Structure formats: C-alpha cells, structure tokens
1. Please give the length that would be gained between E92 and T69 if that part of the chain were fully extended, namely 0.36 nm times their separation in residues minus their C-alpha to C-alpha distance (nm, one decimal).
2. Which of the pairs K109/K217; K157/K217; K182/K205; K122/K157; K75/K175; K127/K175 have their Cα atoms more than 30 Å apart in this structure?
3. So how far apart, in nm, are the two label points at E119 and S145 if each is 7 Å from Cα heading toward Cβ?
4. At 1.4 Å probe size, with every protein chain present, just tell me what the per residue accessible area of the stretch 127-181 comes to in Å².
5. Mind giving me the nanometre distance, one decimal, between the label points for K85 and N184, set 7 Å out from Cα along Cα→Cβ?
6. Between N160 and K205, what FRET efficiency follows from the Cβ-Cβ distance if R0 is 30 Å, with the result rounded to 0.05?
Amino acid sequence: MAELEHQSMRERFNLSRIAIEFPRQTVAFWLAIMVAGVLALSSLKYGLFPDISFPVLVITAQDSSLVNTIQTEAKLTKPLEKLLKDLPNVDEVFSTSYPQQAVINILYKPGTVLEKATEEVKQALAKFPLGQVKLEVLAINLNESPVISYAVTSSTKDLNQLIEISQRNLLPALKELTGVLKVNLLGDSRTESALTQFPTLIHFKGQPGLALQVVKKSNA
C-alpha cells in the first residue's frame, strides 16, 4: 500500500503495464474500436467535392450601342456591380469588361442557398434600366459537376439528324434519372447562349458528332 502511494501518476496509469496486466480486456477494447471504425467508414458518403455549397453566379450583359471597353465599364459594368455587391451573403464581386459586353462574377459565402441567391440577383437586375441591354444569369455550384459524357456519332445520319434524335429521345431520358441535375448537349451550334462565344465542335474517333454531358445534383 505504501509502495502504491509513492508511485507517480504516470506509473499508476501506464498504458503498457495495464495492457499486459489485462490482455483479454485490451484485445476486446481494440477489436471494438476496429469494428466501430469499419462500420463508420462504410456509412460515409464520398464524392469529387464534399457536400458543401460554394455558389457562384455569372451575369453577362450585352449592349450593342457601346463601341469600346471604356464605355462598357462606365455604363454597364460599374452600375451593375454597384447594384449587386450589397446583396446578402456576397463574399466577392469581380468583373471583366469587353466592347459591348460585361461579365460579372459573384462569389457567395459557403453554404449559401444557390436558388435563393439566384432569385435575389434577378430581383436586383429588374431595377436596372435595360434599354438595349440583354442580361443572362448563370448559376454555378462546384458540387454540381459533370460526372459522365456520352459521344453520339453515326455513319448514316448527318449532324442535324443526330441533334434531333438527341433532343427528342436521349436528353429527356437522361434528365429523368435519379440524381441528374441537367444534361448539356455539346456540338449543337444552334443553341449557343451569350455565355458561349464560340460554337463547340465534337469529334469522336475521327467522326463529327455530339456529346451529352451529364451533370449531377450537389447531393447525388
């Protein structure tokens, strides 16, 4: 008893000594830890990006009456930036000006609901005097990323026929799959928006064709 009282705290709670003194309990303890770890690992979700929203909104504005970059910045870029920078949860706003076109990027704080932010931007843009200005809003979530692409080619059908088949049969079928947010059709130059400055051309094994790009939902 006297010897035990003179032992230091480190000596009395030495893990190696306890493990040697109680081998069965030690083995059982570590087996329980290992089983719990295996069960926890099997229940984890995983993906290319963690399920945290990093919303970005890209606004493009076009005005054919602005002949140079200086006019675009003064009459389009800066007024739009002023209108958008004070919106809720905005982390950063940066822009690029071109002749007749402004591109404004809004970076939101992580976790911001993208749909709500998009609606707030559209409400703010409704206050902008349009005139000849054409506005387009593109919502981007890093978790909503392309996960697979399909090439569409044919040795008997031309590109227009492939576009018709893809739009009528392939796109609707893929969009209905669980976890699919949208399907982009690449190689169809007739559906280019203001955000795409150049048409896309698709070749697969030397043949011209199309590509179907499947984008997943953030939680899929």
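1. Once the chain is fully extended between E92 and T69, it gains 6.1 nm.
2. Long pairs (Cα-Cα over 30 Å): K157/K217; K122/K157; K75/K175; K127/K175.
3. Going by the 7 Å Cα→Cβ label model, 2.9 nm.
4. Normalised by residue count, the accessible surface of the stretch 127-181 is 67 Å².
5. For the pair K85/N184, the computed spacing is 3.0 nm.
6. Using R0 = 30 Å, I get an efficiency of 0.90.
The values are calculated or read from the model by the stated rules, or taken from the named source; none is laboratory data. Being a predicted model, the structure only gives us computed values, none of them experimental. Here the Cβ is made from the backbone with ideal geometry for all residues, glycine too, and neighbour counts use every protein chain on show. Quick note on the areas: whole protein, heavy atoms, side chains included, nothing else; ligands and nucleic acids left out. Shrake-Rupley method; radii C 1.70, N 1.55, O 1.52, S 1.80 Å.
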